[in-house]
C-alpha cells in the first residue's frame with residue numbers, strides 16, 4: 001500500500017489525533033485498536049503497523065484498547081510505540097510487549113552552565129565524555145562487578161550505584177519509581193544473562209543509544225520549567241541507554257519458555273513474538289521477576305553513566321557538581337511492563353501495563369509523581385533523533401483516561417537502517433551536523449548514517465500530538481550541541 | 001525466485017534487520033542465515049578463521065532451533081568477543097519431539113577497525129520467523145532486533 005489515503009480507509013476517525021482500528025479489522029481481536037496520530041503523521045505509517053496493533057488486541061485479558069503512540073512504527077511483534085494493559089488475573093504478560101532492551105530509557109541532567117560558556121569547550125567536552133563512558137559494540141565497563149554485586153544491582157537498581165558512590169540520594173527521588181522496581185527475582189536469570197551483565201554495568205552500548213549535550217532553546221510552560229529547574233539558554237545533558245546484553249539475554253531466555261507456555265495454556269498467537277502466559281502463571285511471574293532485574297540493571301547503568309558524565313563536566317569546567325547544579329531532572333523507562341492501578345469501566349483495578357517504546361506520563365497529583373513535581377505532573381522526556389530537537393513535557397490531565405498514563409518515547413523511525421546506510425554516508429552526516437555547530441563522536445561511523453536525522457519522523461510533529469491530546473504538555477525544547485554515539 | 005547462487009538477501013524493515021537465507025538443505029540455509037546475521041554486524045569477508053567454536057543447541061520446534069543457533073552465536077560474539085566469518089551446520093535431527101543442531105562457526109577475536117563494525121544486533125526475534133521447504137531446497141526467514 002503506497003498512499004496514506006488507503007490507511008485512513010482502514011481506520012475510523014474518533015476525534016482529532018485519535019484513530020480507531022475497528023474490532024472487525026482482523027478476526028480474533030478482543031478490543032479495538034487506538035492510534036494517536038495527526039493527519040500528517042498517518043501518511044508515514046506502514047500498513048503492517050496496523051496489523052501489529054491488531055495482533056496485540058487478540059491477546060487474552062487486554063483492557064480498553066490496543067494502543068499506539070504518535071511515534072508508532074513497525075516493530076517485531078508489538079509495534080514500537082505500543083501500549084497495552086492486561087488484567088492482573090484474566091490477562092497475560094508478554095516479554096515481546098517489553099522487548100529485548102528491557103528498560104531502555106532516557107534521563108536528563110540540568111546544569112547552571114550557559115550555552116555561551118559551553119560552546120567553546122565542546123570538542124574537549126565530547127572527547128572526554130567519549131573517553132569516560134564506554135560505548136560501542138561489545139563495550140566493556142571500567143568496572144567488572146562480582147556475582148554478588150550483580151545480584152544487588154538486579155534487586156536494587158540505581159540504589160546500588162548511589163550507595164557505592166555513583167551519585168547522590170536526590171538522584172533516586174528524581175527517577176521513575178526511585179530507580180528501582182521492587183520484587184525482582186534472581187532465581188530465573190540464566191548464567192548467560194549473568195555473563196553478559198557482569199562486564200557491562202555503566203556502558204552506553206550502540207545503535208540509537210547516545211549521550212547528548214543540549215541547550216534549552218525554548219520554554220513553553222514557565223511554571224513547569226521552574227519546577228524542573230529549566231530555563232532558556234541553559235545547557236543540559238541527556239542519556240539514552242538500556243539494560244545491555246543482560247536484558248537482551250533475559251528476554252531471549254524467557255520468550256523461549258513463554259513460547260511453550262502459550263501452547264500449554266492454549267493461547268492462540270497471531271505472531272510467535274507475542275508469546276505470553278496467564279499473568280499469574282509460574283512462567284509469567286518468573287519472567288516478570290527477571291524483567292524487573294533487567295529494568296533495575298538499566299537504571300543502575302544510567303546512574304553510573306550519570307556519575308562519570310558529572311565528573312567530566314566538573315573537571316572540564318574546573319568546578320564542582322553542586323556549583324554547576326548538575327541535578328537529575330528525571331529518568332523514564334520506555335521499554336517495560338509494570339503492575340499499575342488504572343480505572344477501567346469506572347472501576348479501579350490493577351493491570352500489567354506493557355510499554356514498548358512508550359513513556360509513562362503520569363499527571364499532576366498522581367502519587368507516583370515525585371513531590372517536587374506533583375503540582376505540575378511527571379517530567380516526560382522525548383529524545384529527538386541525532387541533530388534534531390528533544391522535548392521535555394509534563395504528564396497531562398487526560399493521560400490516565402486516554403493511554404494508561406503513557407506518551408510517545410521519541411520521534412519514531414521512517415527509514416530502515418540498511419536503507420539509511422545506502423542513502424547517507426556517516427562522514428557526510430557528521431560534517432553537515434558539525435556545520436550546524438553539533439559535535440559528533442562515535443565508536444563506529446556506520447552508526448551515524450543509520451541514525452541520520454532523515455530516518456526519523458519530525459519530533460516536533462510527534463510531540464504536538466500528545467500535547468494537543470493533553471496526554472503530555474510541552475514544557476521545554478532542547479537543541480543538540482554535541483552527541484556521543486555507540 | 002531464488003537462484004542457487006544467492007545465499008541470502010535482506011528485506012526492508014523500518015526498525016530492524018530482516019533477511020531470508022537459502023540452501024540446498026536445511027543445514028545450509030541455517031548456516032547462511034548465520035552469515036547473513038553477522039554481515040549486519042561486521043564485514044564477514046574480513047574475518048580470518050583462526051578459532052573454531054563447536055555448537056550444539058536444542059529446541060522443541062524447528063524454527064525455534066534457528067533462533068537458538070543464531071542466539072548462541074550472538075552470545076559468543078558479545079561475551080567471548082569473537083567475530084565469525086564461516087558457518088557450518090553439520091546436522092539437524094529430530095528425536096522424540098526435540099530438535100538438535102550440531103555445527104560450528106569459525107572466526108577470531110573482534111578487531112574493531114578491520115572487521116568494520118556496523119549495526120549492533122541485540123537479539124534474534126520470533127517475529128515472522130520461517131523455516132520452509134522450497135523447490136530448490138530450504139528457505140529460512142529471520143528478523144533481528146537492532
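Classify region A:194-333: rounded, prolate or oblate, from the alpha-carbon gyration tensor (a ≥ b ≥ c, eigenvalue square roots; a/c under 1.5 rounded; otherwise prolate if a/b is larger than b/c)?
Note, shape of region A:194-333 comes out prolate.
May I ask you to order A:325-333, A:25-33, A:293-301, B:90-98 by the average number of other C-beta atoms within 10 Å around their residues, highest value first?
Per-residue Cβ counts within 10 Å, averaged per peptide and sorted highest first, yield A:293-301, A:325-333, A:25-33, B:90-98.
Relative contact order, percent, of region A:340-486 when contacts are C-alpha pairs under 8 Å separated by at least 6 residues?
28
Rounded, prolate or oblate for region A:77-199? Axes are the square roots of the Cα gyration tensor eigenvalues, ordered a ≥ b ≥ c, and the cut-off for rounded is a/c under 1.5.
Since a/c reaches 1.5 and a/b is larger than b/c, the shape of region A:77-199 is classed as prolate.
Looking only at other chains, what is the average number of their beta-carbon atoms within 10 angstrom of each beta-carbon in A:414-427?
Mean partner-chain Cβ count within 10 Å for A:414-427: 3.
For chain A, calculate the relative contact order in percent as a whole number, restricting contacts to Cα pairs under 8 Å that are 6 or more residues apart.
It rounds to 21 percent for chain A.
Quick one: of the DSSP bridges fully inside region A:380-486, what percent are antiparallel, nearest 5?
70
Return the average number of partner chain Cβ atoms within 10 angstrom of each residue Cβ along peptide A:44-54. Please list the in-between numbers first.
Numbers: counts 1, 0, 3, 0, 3, 1, 0, 0, 1, 0, 0.
Mean number of neighbouring Cβ atoms from other chains: 1.
In degrees, nearest 10, range 0 to 90: what is the angle between the Cα axis of helix B:26-41 and the longest Cα principal axis of chain B?
Relative to chain B, helix B:26-41 is tipped by roughly 30 degrees.
Given the peptides A:360-371, A:152-163, arrange them by the average over their residues of other C-beta atoms within 10 Å, most packed first.
A:152-163, A:360-371
Where the centroid of each part is defined by its Cα atoms, how far is region A:21-55 from region A:347-415 in Å?
Cα centres, region A:21-55 to region A:347-415: 21 Å.
Based on DSSP H runs of at least 4 residues, each adding -39500 (n - 2.57), what is the mean residue ellipticity at 222 nm of chain A after dividing by all its residues, to the nearest 500 deg cm²/dmol?
Only helices count here, giving -10000 deg cm²/dmol.
Compute the angle between helix A:147-156 and the longest alpha-carbon principal axis of chain A, please, reported from 0 to 90 degrees and rounded to the nearest 10.
70
Could you tell me how many degrees, from 0 to 90 and to the nearest 10, lie between the Cα long axis of helix A:282-316 and the main elongation axis, the longest principal axis, of the Cα atoms of chain A?
20
With each run of n ≥ 4 DSSP H residues scored as -39500 (n - 2.57), what mean residue ellipticity at 222 nm is computed for chain B after dividing by its residue count and rounding to the nearest 500 deg cm²/dmol?
About -8000 deg cm²/dmol.
Just counting partner chain Cβ atoms within 10 Å, what average do the residues of peptide A:230-238 show around their Cβ?
The mean count of partner-chain Cβ atoms within 10 Å per residue comes to 0.
Write down the percent of antiparallel bridges among all DSSP beta bridges whose residues are both part of the protein assembly as shown, to the nearest 5.
Here the share of antiparallel DSSP bridges comes out near 95 percent.
Could you order the peptides B:30-41, A:418-429 from most to least packed, using the average number of other C-beta atoms within 10 Å per residue?
Numbers: B:30-41: 23.8, A:418-429: 17.2.
The most tightly packed comes first, giving B:30-41, A:418-429.
No value in this document is a laboratory result; all are computed from the given coordinates. Worth saying up front: this structure is predicted, and the values here are computed from it rather than measured. Quick reminder, even Gly has a Cβ in these numbers, built from the backbone with ideal geometry, and neighbours come from all protein chains shown.
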